[in-house]
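Every number in this text was worked out from the coordinates using simple rules, so none of it is lab data. Every value quoted in this text rests on a predicted model; they were computed, and no experiment measured them. All Cβ positions, glycine included, derive from the backbone under ideal geometry; neighbour counts span all protein chains shown.
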Amino acid sequence: MRHVLAAGTNTDVIARETIFWILAVASVGAALAMILVRRAVHCAMMLAVVMLSLATMYAMQGAPFLAFVQIIVYTGAVLMLFLFVLMLIGLGSAASIGETIKGQRLAAGLAAIGLLVILILGIGHAAIGPAAPQTAANGTNNLSEIARLIFTTYVFPFEVTGALLITAALGAMVLAHRERTAPKPTQRDLAARRLATGELAPDPPPGVYALHDAADRPALLPDGTTSDLSVSPVLSQREVIEAPPAVRPQVETPAITAESGEREPAPSGQMGRADS
Amino acid sequence: MSPIHYVALSVILFVIGGVGVLVRRNAIVIFMCIELMLNACNLAFVAFATMHGNLDGQVIAFFVMVVAAAEVVVGLAILMAIYRARRSASVDDANLLKY
Amino acid sequence: MTTLAGSASGVAAHALAATVTTVPATGVLRLSWLLLAFPIFGATVLLVGGRRTDRWGHLLGVAMPVASFVYGVIAFFALLGAGHRSQDQHLYSWIPVAGFQVNLSLLTDQLSISFVLLITGVGSLIIIYSVGYMAHDSERRRFFGYMNLFLVAMLLLVLADNYLALYAGWEGVGLASYLLIGFWQFKPSAAVAAKKAFIVNRVGDAGLSIAVMLMFSEFGTVSFSGVFGSVRSGGSGVATALGLLLLLGACGKSAQVPLQSWLLDAMEGPTPVSALIHAATMVTAGVYLLVRSNPILALSPTARLGITVVGAVTLLWGAIIGTAKDDIKKALAGSTMSQIGYMTLGAGLGPAGYVFAIAHLLAHGFFKAGLFLGAGSVMHGMNDEVNMRQYGGLARVMPVTFATFGLGYLAIIGIPPFSGFFTKDGIIEAAWDKGGTSGAILAACALLGAGITAFYMTRVMLMTWYGKRRWAAEAHPHESPGVMTWPMILLAVGSVGAGAFLIIGQRFENFLGPVTGVPPTSHGLFTVPGIVALVLALAGVGLAWVMYGRVPVPATAPRGSFPVVAARKDLYGDAFNESVLMRPGQWLTRLSVYFDNRGVDGLVNTLAAAVGGTSGRWRRLQNGFVRSYALSMFFGAAVLVALLLAVRL
């Protein structure tokens, strides 16, 4: 990372400035988008953009360790955790645009502008000098310097943070735990349930009974009917599609439950099935 | 860039995150905005580290990240528990403490 | 020890210096508390005992005043024989606070023993009379309880050796007066009259209480010896203020102008009450106060002038009112007002007049009580009828009453050798001796008053005892029983002889002189003013005979000219009080009520409404939404940052 940290040359400065401004605009724009878009997943994506640009800024400021930790831990773990929970909980919720609380948006905007002005005033008055020259110690190895600091000066916060992490993990386990109100179904129970539905075997994966893979041949649905969606509408208009021969051996028509007909995976349904 | 630019950027991101907390109704999005605020603070810490020339700011930023991670874990677990009970992730639905 | 040197006033300079040394009581006089103890015991038993004591209550009620009178006589003779005639019996330390020491002590000296004899003697006679007068009243026992209560208070008033104890007695007699005027509570007129008496008295009491406070603030003490000793150091300003305040108190209690309006209404009470309280004793308490305070008055010519003016005005006022009243008791009440005006006039003339004022007071006690008891006897015989136009020709029917009433009549109009002649003439001569314009005017008023007194008293006599019988159909007048006539006879003895006994040979002067000072010049029995007074009295008698004796008395009152109408309306005294005091007072009350309702209550209610409204509005902030609370936290954080920056910048 030395070439990144080395200062002084003009091109270096120009490069830094350009990168900063690009990243700054990008991150502010992504932040604004994050609070304005409707779909929650888009918010998560925008947050990812912000985090990555922040990682780059850390790298530019001579904190490579932090930059990588930001990417690996924050973007890679925390944000993914967010996405998991989003998937589990609520992609379709809170879709309404209107604000339920009167004047909330106006007040929030005013408060934000006020705080912004105050803080800018504050930092404008504060004596934030130029970047200090890198010390020799820092110049050698950022990581070992940070390690030295953590395990000597800040060893007590380190220990406390460790305890905090343990507590957090335990807390998450406790909160996510669900008491079984019924005994856990054994494999025998699961098999009996499946027998009751009439589906003894899982549906064949797509393409098992396919005879052709031409573009004008429709695909087969598990119950033997063709799927119009698998053929281009241009072709189906010209009626060049051949009806496929019956390819599936005649067996009794299996009962089709509503669940398997769903296009969108219902999370409750899936979750319900997953652990019942 | 001088640290003051980074601090200014950090302030802007922080304020945007704050507004997001106030305006959004989905609990997870609110959480993400809080994460944005924490990240903005991290940026400020790192900028101050360059200003002072030592690594204390970076170490603090590191600890902030750790704590933020722990907080996210617990918070999302709580959210899941609430969702299971109420079938809704909107924070406006929890308004029983009204007058 | 109290020493009174000659004061600076012109008239009093000729007076002999009066020296009084007060010593602690010795011998029989140490039991002076018995005077109070007997009536207290009687009052307590009768009032607390209630209906259980109804059967023998009147006997106890009579026995106690008689016992007090017996002790009073013993004490009188003991005092005559004692070396020092001013003896103080300390009972207990009433208020032993650091800067304010007041003892409850009884001072037996010449002035107080005179009053004690009057109060207990005449009081016992009147209370014996009430046994017969109130015989048909079921509440008789309560009546005797109240009468005993009155005696306690009046005796405390005259025996006190400090102004605060005197004030306690003063208030007590006011209370007893209220209770007794309103004795027949079921009569609305009686209740109103009692209230009126009490309230008008209150105005006077304010004067007396302020005087006591002034004494304490100026002299640090309220005892007689202390005040009289220090009053010279206060200067004439303090003495004048005290004198005028004491005059105000005396006006209230003695029904002098301007606080005279209650006396005629007080006749609503039973006749013994009118006789004892509103003729003989309570209304004379004001005169007692002024005479007792003579060292203060000696230093203030202004106060003395005020007293004489009040006395002169009142004696004419009462006399004029008395001429137009058809109610026998109200006529006698007007007469009382007038006679007390004479006493006040005497009290304002300094040492020249004190002795005659007290002598007239004592004589007046006899003949006025006798007149009132006679009126009561007439009412008793005429079914409680008070309108003299319904009387007439009663002399034959009620001879004893007629005789005693007649003797009292002769005494009051000042015919020698009866009481009034000596005492009233003493006052007239003292006024004449004052000299100058004021002396002439005062003497003229007194002489004119004597003439009018003779006129209206003769009118009463003629309308009641002589002439044709104008009785109502069911009236059958009869002489009263012995229990009522004997007191009247004894009082008539006093009417006849009291004045001569006191005045001839300067007997009373010499007796009372040490307390009040003696008149500088002593006159013979028949002086020029005295002759003039006698002539005017006979002229008044003659005029009354012309108007009422020769022509028959109409059964209903004729319309009358303006002076008659004015006199019937108490010379517009009530109207004046109403328009000047009562109505503005009612307006003030209404204004205060309005202000209280709108202003004060409005303020409080507005405050409550404001609080309620504000809280109601702020309550809406708690809408239950987390984001609203987050918003307020955000605002708070912004404010904090701003404050931090403001402090640091």
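Structure above, values below:
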{"read-out": "Compactness of region C:283-345, expressed as Rg and Dmax over alpha-carbon positions, Å", "value": "13.3, 44"}
{"read-out": "Approximate spin-label separation C:Ala98-A:Arg105, in nm, with each point projected 7 Å along Cα-to-Cβ", "value": "7.8 nm"}
{"read-out": "Nearest 10 degrees, 0 to 90: helix C:301-323 Cα axis against chain C principal axis", "value": "70 degrees"}
{"read-out": "Antiparallel bridge percentage (DSSP; both residues within chain C; nearest 5)", "value": "90 percent"}
{"read-out": "Unit charges at the beta carbon, dipole of the protein assembly as shown: most positive-side option, C:Gly585, A:Pro185, A:Gly109", "value": "C:Gly585"}
{"read-out": "Separation of the C:Leu581 and A:Leu83 label points, Cα + 7 Å toward Cβ, nm", "value": "10.2 nm"}
{"read-out": "Dipole magnitude of the protein assembly as shown, debye to nearest 20 (Cβ charges: Lys/Arg +1, Asp/Glu -1, about Cα centre)", "value": "2680 debye"}
{"read-out": "Two-decimal ratio, region B:1-45, of alpha-carbon radius of gyration to 2.2 N^0.38 Å", "value": "1.20"}
{"read-out": "Over region B:3-86 - Rg/Rh using Cα atoms and the Kirkwood inverse-distance radius", "value": "1.09"}
{"read-out": "Test item: B:33-43 mean partner chain Cβ contacts at 10 Å", "value": "5"}
{"read-out": "Highest average packing first - C:26-35, A:10-19, Cβ atoms within 10 Å", "value": "C:26-35, A:10-19"}
{"read-out": "Mean ellipticity per residue at 222 nm, deg cm²/dmol - from DSSP H runs of n ≥ 4 across chain B, formula -39500 (n - 2.57)", "value": "-28000 deg cm²/dmol"}
{"read-out": "10 Å Cβ neighbours from other chains, averaged over peptide C:177-184", "value": "0"}
{"read-out": "Cross-link reach list, lysines versus C:Lys187, counting only Cα pairs under 23 Å and skipping chain neighbours closer than eight places", "value": "C:Lys195, C:Lys196, C:Lys325, C:Lys329, C:Lys330, C:Lys569"}
{"read-out": "Linear extension gain, C:His476 paired with C:Asn605, 0.36 nm per residue minus alpha-carbon span", "value": "39.6 nm"}
{"read-out": "Cα convex hull of the protein assembly as shown - mean projected area over all directions, nm²", "value": "83.8 nm²"}
{"read-out": "Cα-based helix-to-principal-axis angle, C:626-648 vs chain C, degrees rounded to 10", "value": "90 degrees"}
{"read-out": "Cα extents of region C:417-548 along the three principal axes, largest first (Å)", "value": "58, 35, 20"}
{"read-out": "Acute angle (nearest 10 degrees) that the helix C:601-619 long axis makes with the longest principal axis of chain C, alpha-carbon atoms", "value": "20 degrees"}
{"read-out": "Rounded to whole Hz, the Karplus (6.51, -1.76, 1.60) HN-Hα couplings of region A:40-45, x for glycine and proline", "value": "5, 5, 5, 4, 4, 5"}
{"read-out": "Estimated distance in nm for a label pair at C:Val48 and A:Val41, the labels positioned 7 Å out from Cα along Cα-to-Cβ", "value": "10.2 nm"}
{"read-out": "Percent of beta bridges antiparallel (DSSP, the protein assembly as shown, rounded to nearest 5)", "value": "90 percent"}
{"read-out": "Ordering of A:25-36, C:454-465 by packing [mean C-beta count within 10 Å, highest first]", "value": "C:454-465, A:25-36"}
{"read-out": "Peptide ranges B:79-85, A:56-62 listed from the most packed, as the mean C-beta count within 10 angstrom indicates", "value": "A:56-62, B:79-85"}
{"read-out": "Built amide H within the under 5 Å cut-off of C:Thr108, gap 5+", "value": "C:Gln87, C:Asp88, C:Gln89"}
{"read-out": "Debye intensity ratio I(q)/I(0), log10, chain C, q values 0.09 Å⁻¹ (C-alpha model)", "value": "-0.71"}
{"read-out": "Shielding of A:22-34 by partner chains, average beta-carbon count, 10 Å", "value": "4"}
{"read-out": "Sum of -39500 (n - 2.57) over DSSP H runs of 4+, divided by residues of chain C (222 nm, nearest 500)", "value": "-22500 deg cm²/dmol"}
{"read-out": "Gained length - C:Val528 relative to C:Tyr629, 0.36 nm times residue gap less alpha-carbon distance", "value": "25.7 nm"}
